[in-house]
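Peer 1: Have a look at this one before I ask anything.
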Amino acid sequence: MVECSTHNGFVVGSIPSWLRNVIKKTMLKKKNSLVNTGIVHVKSTFNNTLICVTDLKGNVIVSGSGGSTGLKGQKRSTYYAAQATSSLLAQKSFKSGIRRVYIRLNGFGDGREACVKSFLSEKLEVLRIQDITKIAHGGCKLPKKRRV
């Protein structure tokens with residue numbers, strides 16, 4: 001006789017274990033879709049622009065880079081690549097349920113302003129724009145000169 005137990009309304013005793021795991025994962029994804037506020041992390045380097053949209057706990061919802069739009073080499077670091085990537089990610093995050101975002105900028109590349117402009121032009125409401133770029137301020141003290 002097969003033992004049957006229920007998990008959130010599903011009978012899981014007669015289902016194979018691999019299918020049980022799939023059902024649990026899809027149910028977890030549905031619970032995460034209730035998030036309506038997210039954080040957009042933008043890391044803009046001189047070679048690429050990395051964009052990641054997370055919820056407030058830090059779980060990644062969507063992410064992409066200049067290369068994910070099909071651009072290669074030096075073109076990934078351009079203004080256009082960052083704009084195309086961020087507008088694509090804004091649409092994906094809107095479909096996943098995000099309506100309001102905080103934007104955190106990091107780095108000195110060309111993609112910073114492009115990302116901000118494209119997220120402002122989409123349907124998302126921008127709550128705050130924050131720059132978290134680390135800036136050197138003198139640095140550590142040098143070691144003593146060597147005496148010969």
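Peer 1: What is the gain in length, in nm to one decimal, between Ser121 and Thr37 on full extension, counting 0.36 nm per residue of separation less the C-alpha to C-alpha distance?
Peer 2: Working it through step by step, the gained length comes to 28.5 nm.
Peer 1: Further question: What ranking, highest mean first, results for peptides 88-98, 54-64, 125-135 when packing means the other Cβ atoms within 10 Å averaged over each residue?
Peer 2: By packing density, highest mean first, the sequence is 88-98, 54-64, 125-135.
Peer 1: For a quick check: sort Thr37, Thr49, Thr69 by the number of other beta carbons within 10 angstrom, fewest at the front. Walk me through the numbers on the way to the answer.
Peer 2: Working: Thr37 14, Thr49 28, Thr69 18.
So the residues, fewest neighbours to most, are Thr37, Thr69, Thr49.
Peer 1: Right, here's the next one. Could you derive backbone 3J(HN,Hα) for the stretch 70-82 from the dihedral phi with the Karplus parameters 6.51, -1.76 and 1.60 (θ = phi - 60°), listing whole Hz in sequence and x where the residue is Gly or Pro?
Peer 2: x, 8, 10, x, 6, 6, 5, 8, 7, 4, 4, 4, 5
Peer 1: For each of Val35, Val42, Val148, count neighbouring Cβ atoms within 10 Å of the residue's Cβ, then give the residues from fewest to most.
Peer 2: Val148, Val35, Val42
Laboratory data are not the source of any read-out in this text; all were calculated from the coordinates shown. In this text, all values refer to a predicted model and were calculated from it rather than measured experimentally. Virtual Cβ from ideal backbone geometry, glycine too; neighbours counted across all protein chains shown.
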